[in-house]
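One structure is given here, and the rest of the page talks about it.
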Amino acid sequence: MCRIRPAGSIKMTRGQGGQGDKVKTVESEHEDMPSRRERMGPPCHLVPLLPCRLVPWLGIVLALLAGAGLRLIWPADIEYKADEAWTFQHSRDVEWPWLGMPSSVAIPNPGMSLWVFTLLQRLSGAADPPALARAVQLVNVAALVGLVVFALRHVPHPEREAWLWAAALVAVNPLAVLFHRKIWPPCVLPPLTLALLYGWWYRQRRGPAFLWGLFGVCLGQIHMSGFFFAGGFALWAFLFDRPWRQRVAWSSWLWGSGVGALPMLPWLIHLLNHPSEQPINPHRWVHACELKFWGRWCTESFGLGINYTFGPYFREFLRYPLLGGRPTYLVAVLHVFVASVALVLMLRAALQLRHPQRWREWWIGRTSASAFTQNAALWGFGLLLTLSCFSIHRHYMIVLFPLEFLWVARLALPSDSPTADSAGSPRLGRALLLSLCLAQFFLSASMLTFIHLRQDFAGTEYGVSYAAQCAAR
C-alpha cells in the first residue's frame, strides 16, 4: 500500500568520526531528485485505497470499458442512409465482387471496401443492419484493446504514457465514437491502421516491413484516404529515415505493397476501360488552400466538431442534458472548456517556436519513434492529402487512429514533447488529459442520449436513425 512520509518529517544520521547525530529533513535529502519523483507518476495519496502500481491499470481498464460501452449502446440508433443500406444489402450477396460501392465521382470503389463487410457478415451471421453495425463496433473495440497492447509491448517506456493517454482519448472522443458505430468502409480502418503502425514500427526488419506495405495498400482499397496515409509514411521514411537503406527494409516493403495490390488489379482494369465521364473541376485547387486537414487535426482530437453531424439541431444539443425538461447547457460549457484546454496546449507549444535552431527537430521528429510516427501522419499524410486538391471530409481522418490523440498527449506531457522545456511537472499535463477524457466522455454520452431521444435528424449528416425508420414502417 502507498505510504507518504509527512512533509517536514526528520530522520537521524550518524555523523562522521562519531561526532554525534545530525538531523536531516527528508525534503532536503531529496530536493536534488525531481526527475525520479516525476517518473513515479501521480501522487499516491490521490487514491489512498489502491497500490500505486494499480492506479494506471485501473485508468486503462475504465477507459476501455467506457469506449466499449459508448460504441455498443443502443444498437438500433445507428445512422442508416443510402451508403449504409447499400453496404448491408450487398454484404449478404453470395459472390465477392471486384468492384465496390459507387463513389460520389461516378467511379466505383475497389472490391475490398465491400469484402470487409461480407467477411463481418459471414462471421457474425448478421441478419439486420444493427447486427452488422455491432460487428463493426466490436472490431473497433478490439482495435482499442490492440492499441493498449501495442503501447505496453512495443513502445519504449519513456514514450509509453503518451500512447496510453491517446488510447483513453480515442476511446471517449465523440467523433471517434460516432464513426466507430457505422456501417461504412472508413469505419473499419482502425484495426488495419494499427497493423500498419506495427509494421512501420519495426520497418528495419523484413517481416514487419512487408506488413507495412501490405496493409498500406489494403487501407487504400477500403477507403481512398488509406492510399495517402500509407504514401505519407513511405515519403517520410524515404526523406528522413537516414541512412534509409539500413533503417528500412525497402525490398520487403515493396513486396508487401505488390502483394496487397493484387486484389485491386480488376478494379484498375475497369478504370482503364471505363474512365469517369464527370469533368474535372477546374477550381479544385482551392481545396489545397483551405488547410482543412490541420484544422480538423487540431479540433477533432479535442472533441470539437459534433456540429458536423447534427447541423441545425446542434443548438438544441448544446442545451443538454435536460433536468426536469429544463436545459442545463452543460454540453455548451464543456465545449468551451475543451476549447480552452486546446488553446492553452497549442499556445504553450507555439511559444517554443522562438527557438529556430529546434525547428527541424520538431518538424521531422527524429528525437523519438513516437514523434517520427506522429509527424509522418501530421506532415507526410497531411501534405499529400492537401496537395491532392480533394475536398477533405471529416471521415478522411478516421485512418489516423490514434495519431491525432497521440499528438494531444505529447503536447500535454513534458517528456518527449515540443513543450518539454516549459512544461515543468507532469502533474499539470496529466490533470489536463484526465479532464479532457472526462469532458469528452460526457460529450459522447450526451451525444448518444440526444440521438436516442430525438431519433429524427432529417436533412442532416446523421439523418433519421434506423430505429425511427423501422418505427415509421
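The values are calculated or read from the model by the stated rules, or taken from the named source; none is laboratory data. Source: prediction; values computed, not measured. Heads up, the Cβs are rebuilt from the backbone with ideal geometry, glycines too, and the neighbour counts pull from every protein chain shown.
Scan region 90-111 and tell me whether some residue there is of a type in the set (A, V, I, L, M) and at pLDDT 95 or above. There is no residue in region 90-111 that is of a type in the set (A, V, I, L, M) and at pLDDT 95 or above. The residue that is surrounded by the fewest Cβ atoms within 10 Å (Cβ to Cβ), counting only those in region 318-362 that are under 27 Å from ARG430 (Cα atoms) and β-branched (Val, Ile, Thr), is VAL336.
Hey, among TRP379, TRP297, TRP285, which residue is more than 24 Å from the chain's Cα centre (by Cα), touching a residue at least 60 places away in the same chain (Cβ under 8 Å) and under 30 Å from PHE227 (Cα atoms)?
Working: TRP379 fails: more than 24 Å from the chain's Cα centre (by Cα); TRP297 fails: more than 24 Å from the chain's Cα centre (by Cα).
Matching residue, one of TRP379, TRP297, TRP285: TRP285.
Residue under question is THR87, and the condition is that it be more than 26 Å from ARG454 (Cβ to Cβ) and polar (S, T, N, Q); does it hold?
Numbers: more than 26 Å from ARG454 (Cβ to Cβ): no; polar (S, T, N, Q): yes.
No.
Looking only at region 168-176, decide whether some residue is crowded, with 19+ Cβ neighbours inside 10 Å, touching an Asp or Glu at 6+ places or on another chain (Cβ under 7 Å) and part of a helix (DSSP H, G or I). Yes, region 168-176 has at least one match.
One residue stands out in region 398-421 among those that are among the polar types (S, T, N, Q) and surrounded by fewer than 24 Cβ atoms within 10 Å (Cβ to Cβ): the one that is modelled with the lowest pLDDT, namely THR419. Taking region 368-388 as the range and being out of contact with any Leu (no Cβ under 6 Å at 6 or more places or on another chain), outside any loop (DSSP other than H, G, I, E, B), over 27 Å from VAL286 (Cβ atoms) and not aromatic (Phe, Trp, Tyr) as the test, the residues that pass are ALA369, SER370, ALA371, THR373.
Annotation note: of LEU272, LEU291, LEU304, the sole residue that is crowded, with 19+ Cβ neighbours inside 10 Å, among the aliphatic types (A, V, I, L, M) and under 26 Å from SER391 (Cα atoms) is LEU304.
If we keep just the residues of region 118-160 that are outside any helix (DSSP H, G or I) and within 24 Å of the chain's Cα centre (by Cα), which is farthest from CYS218 (Cα to Cα)? Steps first, answer last, please.
Restricting attention to region 118-160, the residues satisfying the condition of being outside any helix (DSSP H, G or I) are 125-128, 155-156.
From what's left, within 24 Å of the chain's Cα centre (by Cα): 155-156.
Numbers: VAL155: 24, PRO156: 28 Å.
Residue satisfying both the conditions and the ranking: PRO156.
The set of residues in region 294-312 that are in a helix (DSSP H, G or I) and within 14 Å of LEU448 (Cα to Cα) comprises ASN307, THR309, PHE310. A residue that is aliphatic (A, V, I, L, M), closer than 30 Å to LEU235 by Cβ and under 19 Å from the mean Cα position of the chain (by Cα) cannot be found anywhere in region 305-327.
Given the structure, is SER276 touching a residue at least 24 places away in the same chain (Cβ under 8 Å), among the small types (Gly, Ala, Ser), at negative phi and not in a helix (DSSP H, G or I)? Walk me through how you get there before you give the answer.
On the way: touching a residue at least 24 places away in the same chain (Cβ under 8 Å): yes; among the small types (Gly, Ala, Ser): yes; at negative phi: yes; not in a helix (DSSP H, G or I): yes.
It is true that SER276 is touching a residue at least 24 places away in the same chain (Cβ under 8 Å), among the small types (Gly, Ala, Ser), at negative phi and not in a helix (DSSP H, G or I).
Scan region 105-117 for residues that are closer than 13 Å to ASP83 by Cα and more than 26 Å from the chain's Cα centre (by Cα) and the total you get is 1. Of all the numbered requirements in (1) farther than 24 Å from GLY365 by Cα; (2) in a helix (DSSP H, G or I), LYS182 misses one, and that requirement is (2). If you check VAL155, VAL136, VAL145 for being surrounded by 19 or more Cβ atoms within 10 Å (Cβ to Cβ), touching a residue at least 60 places away in the same chain (Cβ under 8 Å) and not aromatic (Phe, Trp, Tyr), only one passes: VAL155. Can you work out which of the residues in region 224-256 that are surrounded by fewer than 20 Cβ atoms within 10 Å (Cβ to Cβ) and of a type in the set (Gly, Ala, Ser) is farthest from THR193 (Cα to Cα)? Taking the candidates together, the pick is SER251.
Scanning region 437-465 for residues that are under 16 Å from TYR308 (Cα atoms), aliphatic (A, V, I, L, M) and at pLDDT 95 or above turns up LEU443, MET447, LEU448, ILE451, VAL464.
The set of residues in region 325-367 that are at pLDDT below 90, more than 19 Å from LEU411 (Cβ to Cβ) and in a loop (DSSP other than H, G, I, E, B) contains only GLY325.
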